[in-house]
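Got a structure for you, written out below as structure tokens; questions coming shortly.
All of the numbers you see were taken from the coordinates with simple rules; none came from a lab. Remember, it's a predicted structure, so these values are computed and weren't measured experimentally. So basically every Cβ, Gly included, is an ideal-geometry build from the backbone, and we count neighbours across all protein chains shown.
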Amino acid sequence: MTHRADAATALDNRGYTGPLIRGQNPALLFETAVRDRITDSLYWKEQCFGLNAATLLDRAVDLSYIGGTYGVGMKPTPFLCLAFKLLTLVPDREIVLEYLNSAGDEWKYVRALAAFYVRLTFDPADVYKTLEPFLEDARKLRRRRKEGYVLVHMDEFVDELLTKERSCATSLWKLPPRQLLEDLDQLEPRESPLQDELDAMDEEPGDDRDQTFSFACSWCNMARPLGALPDLSHLDDASAELILKLHLEDVETFKQQRKGKQKEGDVDDGEYAATLLEQDLHGLGTFLSDRRMTKSIADAVQTDGTLLDESAQQEQTACEDRELARRLSGNPTNSNAAPPRPQPEPPGDDVTTPSNLAGPYVSEETGHALASELQRLQVTDDGGNNEEEEDTRAESYRGDTACVACQETKPFFDIIQAPCQHDYCIDCIRDLFNSSFTDESLFPPKCCRTPIPVESVSSFFFMPKQQLEQIFEEKKVEFSTANRTYCSKPTCSAFINPANISNNNHVATCQKCYTLTCSLCKAAAHGGSDTECPEDPNLQAVLDLARQSGWQRCNACRRLIELNIGCNHMTCRCGAQFCYECGVRWKECECPQWRDDRLLARANQIVDRDAPRLHLYHPARAQHVQQAANLLRERHICNHTNWRFRTGEHTCEECAHTLPRFIFECTQCRILVCKRCKNNRL
């Protein structure tokens, strides 16, 4: 009897007579690499053989997590295997909807599996109609990723299916926007769950809540990263000033209407928000004023630079002629005379030069004209230099520069040079700094292990320099704190500075919402000693699972870490280094550097990468694996100084990001990393 889901049959279009989905064999909706991993997996061979639409339900009920692939070997999860099995079976629509409508916690993974199948196979309008009701399902799901398990909710998973183009290691066909289907009369406009409340608020005359609500809504769309200010950078000065003036008038009108609405001395939330907004607007006004000054500097350099240079050159020539005349007449040189004017240094790549300050505020055409003018002035000042020096200096102003991060060619005034001499465009340097504020493995922002000073980039953020430096210092304190405490209020979760933690009762006070948190158990403050912290059943369940699975906790930040392949030398995201076997600081224990099974797994992974045709039973494979294992033992301590370029689709072993075209490989330890990890993380 032939297994219907056998790879040789299910993945072959020749002779396929079953139903088609989007004009092809449904099994081909998965990428080739994913299909190969599924059909080679032990779960597929043992658990998916002979299943039909009815018996598959028994396997789906046993699911305990969702996900695509996991581990360094990119093994497929049972969830992904069953989804592929559904594609080979193509069950009736009624059966799929029955899966989807299953209620109860024991059926939630069946619902998730059916939702994934619906996203792959249903028509666009049916996808929205079928899945949108489950955006109200808040049940928790375990999701397995490469680095371990995380908790998600059903509505998050459904939203991912509706909005993302990739989920569970599978590329999803592009879903048309909902608005387009509404315009084509294939979908009814979606009604907001708050529509009734909003209509009721509109019907209440004289109620201040509608003004507060509309005032807040008018500003919520202007929220910017690292600051709640509208983006006026793309507008001219007159338009920006007008918009700022109108906003300030709106704030003042709102504050006048709020007067007399509460007791004297009391400040309600609306008035307090208006005050903060007014302060931010005044700060934005300062920014616009600074921008005008920078543009004025650029204009002055461009229009008056020639006259100033000629005047200075004439003065210098007169001084030199006077000195020469004294020497010819035999008169001694006046020791009190002013020394000759030093020759100006060539403008470098420092971001504080007028040309670079003008970059964000002048057009590209004006910027190139400014560069040419600076080049001409410099060559005029250094008229005595040789041609080679002039050509070298002219080359620094010629053409555009490629950003090392995005590889796009940008004008010189849109480029910032890191201390290691790598060039970054303004957008990439902003992204690096913003990412470092949420990902401590990137903090402090650096390139080639050399920190990038925050002062050198502050002029390119649309916020005051002091605000950026304050954010930087706050993150520096947060990421350097070993046993961190965050606000126990879920909607806040702000970091609590150790200075705001009482040493007597271990109570930490959040400076944003003033919630009290226990610094020992990280839950809401309970007023007891360290022996009276109540046990969190969810935390204990996770710790029990960690002990059973052999996971280790970082001895600094207490994160849970799972190691599948590699040596026992662990480096946590917080920077702490420890032994995976015992958890003690690295080099302070007698544990072996490698465990044999993990060493062989890593060696096999490298052999599969270098010689994919050496299958498991190839006579030469054992020799290659042994050589790879010996090199791993010898080259364990690596500073990652030499890299080579590998083409093809690969997954970064640091951030787990999949790159479709190329990746970098360390020639010593053989780690594969993306460009960001190579430059900014390692």
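At R0 = 60 Å, how high is the FRET efficiency between MET293 and LEU151 if r is their beta carbon distance? Nearest 0.05 is fine. Please report the intermediate quantities before stating the final value.
Details: r = 51 Å, r/R0 = 0.85.
In this case the efficiency is close to 0.75.
Mind running the shape call on the range 397-549? Use the C-alpha gyration tensor, a ≥ b ≥ c as the square roots of the eigenvalues: rounded below 1.5 for a/c, prolate if a/b tops b/c, oblate otherwise.
prolate
Could you compute how fast the range 7-183 diffuses translationally, taking Rh as the Kirkwood radius over C-alpha pairs and applying Stokes-Einstein at 10 °C with viscosity 1.306 mPa s? Give it in µm² per second.
96 µm²/s
What's the FRET efficiency of THR667 with GLU182 using the Cβ-Cβ distance as r and R₀ = 41 Å, to the nearest 0.05? Before the final figure, lay out each step's value.
Details: r = 55 Å, r/R0 = 1.34.
Result of the calculation: an efficiency of 0.15.
Using the Karplus curve 6.51 cos²θ - 1.76 cosθ + 1.60 with θ = phi - 60°, what ³J(HN,Hα) values do you get for each residue of the range 320-327, in whole Hz, with x for Gly and Pro?
Karplus-based 3J(HN,Hα) across the range 320-327 equals 5, 5, 5, 5, 5, 5, 5, 5 Hz.
Now, a different point. Work out, step by step, the length gained on full extension between THR491 and GLU160: first 0.36 nm times the residue separation, then minus their alpha carbon distance; give nm to one decimal.
Numbers: separation 331, 0.36 × 331 = 119.16 nm, distance 2.16 nm.
Answer, rounded to one decimal: 117.0 nm.
Say R0 is 30 Å: what FRET efficiency, to the nearest 0.05, do ASN564 and GLU94 get from their beta-carbon distance?
With R0 = 30 Å, the Cβ-Cβ based efficiency is 0.15.
Can you tell me how much longer the chain between GLN511 and ALA482 gets when fully stretched, taken as 0.36 nm per residue apart minus their C-alpha distance, in nm with one decimal?
Result: 8.5 nm gained on full extension.
Going 7 Å from the Cα of ALA601 in the Cα-to-Cβ direction, what parts of the range 546-561 have a backbone nitrogen less than 14 Å from that spot?
549-552, 561
I'd like the distance between the alpha-carbon centres of the range 115-146 and the range 628-665, rounded to an integer number of Å.
35 Å
Express in nm, to one decimal, how much length is gained between ASP105 and ALA499 on full extension, taking 0.36 nm for each residue of separation and deducting their alpha carbon distance.
Between ASP105 and ALA499, full extension yields 137.5 nm more.
Further, regarding this structure: Could you size up the charge dipole of the range 7-183 around its Cα centre, putting +1 on the beta carbon of Lys and Arg and -1 on that of Asp and Glu, and report it in debye to the nearest 20?
On the way: 24 positive and 25 negative charges, 131 e Å.
It comes to approximately 620 debye.
Exactly which trypsin sites (Lys or Arg not before Pro) in the range 418-464 are in a DSSP loop and have at most 15 other Cβ atoms within 10 Å?
Answer in residue order: ARG449.
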